[in-house]
Amino acid sequence: MNDESLEHKRLVEAVLFASKEPLGEKKLSNYFQEGVDVKSLLKELQEEYAGKGVNLIRLGNAWAFRTAPDIAEHLSEHRENVKTLSRAAIETLAICAYHQPVTRAEIEEIRGVSLSKGTLDVLFEAGWIKPRGRRRTPGRPMTWGTTVSFLDQFGLEKIDDLPGIEELKSAGLLDARPAINAYSVRGEMELPFVHPEQDQDEDDLPEPLLEE
């Protein structure tokens, strides 16, 4: 590795260590001139940190340094206290994760009960869900999906790492209601939905207002 490549890798390392949140490859590329292969630099860093107490992990299309899983339990006293979610919020988050993009009405039908306005607000403020565009159906309802912060919070590299719905049903953790499969084919959206693990930074997506 030449001096220039080493300097590039050191810069990526420093930026990620200084950042309070995961950074996408697009944001990292802004620190370099055109032509620098940021993806390769990240892969090299990931390999170098693989056996250390801190690992470089991928969260969708974003990257962050995190404590190695095998020693994380020794640092439990330093973990940030997270506000306990209500059962309604937990169910809503799970529906957003497994059925995204999903509208408020679809969430209510899957749960079988009405959804209070504050439930979506709590998840939105936590940074775990965000608007994903409006459905091209009457009323143009807002759709919701999970974020990179959701992946980070639950230690997932991509949304496909979630347990399968059939696994959850077999374990008795999910009701086999007819409405669960009601939205496998969804209406066309005005804006294309992009899962957090696909090659698009969160900042490239619009920020519509919360539903009334």
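The values are calculated or read from the model by the stated rules, or taken from the named source; none is laboratory data. Computed from a prediction, not measured in an experiment: that's the story for all the values here. Note that each Cβ is placed from the backbone with ideal geometry, even for glycine, and that neighbours are counted across all protein chains shown. Just the protein is used for accessible areas: all its heavy atoms, side chains included, with ligands, DNA and RNA removed. Shrake-Rupley method; radii C 1.70, N 1.55, O 1.52, S 1.80 Å.
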- [ ] Determine, yes or no, whether ILE165 is of a type in the set (Val, Ile, Thr), within 19 Å of the chain's Cα centre (by Cα), at pLDDT 90 or above and under 30 Å from LEU56 (Cα atoms).
- [x] no
Task: Subset tally (residues that are modelled with pLDDT under 90, surrounded by 10 or more Cβ atoms within 10 Å (Cβ to Cβ) and either of a type in the set (A, V, I, L, M) or within 15 Å of VAL54 (Cβ to Cβ) (or both)) for region 1-16 - done: 1
Task: Check on LYS130, touching an Asp or Glu at 6+ places or on another chain (Cβ under 6 Å) and within 29 Å of TRP63 (Cβ to Cβ) - done: no
Open item on the list: Condition check: at pLDDT 90 or above and over 30 Å from GLU44 (Cβ atoms). Does THR92 satisfy that?
Closed with: yes
Task: Residues satisfying the stated conditions in region 46-88, i.e. modelled with pLDDT of 90 or more and touching a helix residue (DSSP H, G or I) at 6+ places or on another chain (Cβ under 6 Å) - done: LEU56, ALA62, TRP63, PHE65
TODO: Quick one: in region 17-35, of everything that is in contact (Cβ under 8 Å) with a residue 24 or more places away in the chain and not hydrophobic (A, V, I, L, M, F, W, C), which residue is least open to solvent (accessible area, probe 1.4 Å)?
DONE: GLY24
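Taking the conditions exactly as written (without any contact (Cβ under 8 Å) to a residue 12 or more places away in the chain, surrounded by 13 or more Cβ atoms within 10 Å (Cβ to Cβ) and within 18 Å of the chain's Cα centre (by Cα)), does ILE90 satisfy them or not?
So ILE90 fits the description; yes.
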Open item on the list: If I go through region 125-148 residue by residue, how many of them are of a type in the set (Lys, Arg) and crowded, with 21+ Cβ neighbours inside 10 Å?
Closed with: 3
Open item on the list: Taking the condition of being within 14 Å of the chain's Cα centre (by Cα) and open to solvent by 10 Å² or more (accessible area, probe 1.4 Å), how many residues in region 101-124 meet it?
Closed with: 2
